[in-house]
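Participant: Can you read through this structure? Questions will come right after.
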Amino acid sequence: MRAPGTQPSVVISLIGYRGSGKSAVGAALAARLHCPFIDTDQRVESAAGRTIARFSPRTAKPSSGGIESAALAAALVELMRPAACPAEKPY
């Protein structure tokens, strides 16, 4: 078990093609590990004001404007806070 007030020992990040199931796997994994799940696509969509699917084929993805990188950086900072995953549990 992790001592109260310490950082999590690991942060898991899933990467892959659009529609490959990262959000579904991430949510299931977080539930199993009793830790938070952050879907950066939701944050990107909020920042961009449109869905990922509505990005033009020319830009293909939101990374061109740094939105995706900013969403990931914010998520990592949030997850590294001591209270992010309250206690490691046996699985």
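Throughout, read-outs are computed from the coordinates displayed, never taken from laboratory work. Here the structure is a predicted model, which is why all the values come from computation and not from measurement. No Cβ is skipped: glycine too gets one built from the backbone with ideal geometry, and neighbour counts run over all protein chains shown.
Participant: Applying 1/(1 + (r/R0)^6) with R0 = 22 Å to the Cβ-Cβ distance of SER20 and ALA48, what FRET efficiency is obtained, to the nearest 0.05?
Facilitator: 0.60
Participant: Find out how many positive minus negative residues lie around LYS22, taking Lys and Arg as positive, Asp and Glu as negative, among other residues whose Cβ is under 12 Å from that of LYS22.
Facilitator: -1
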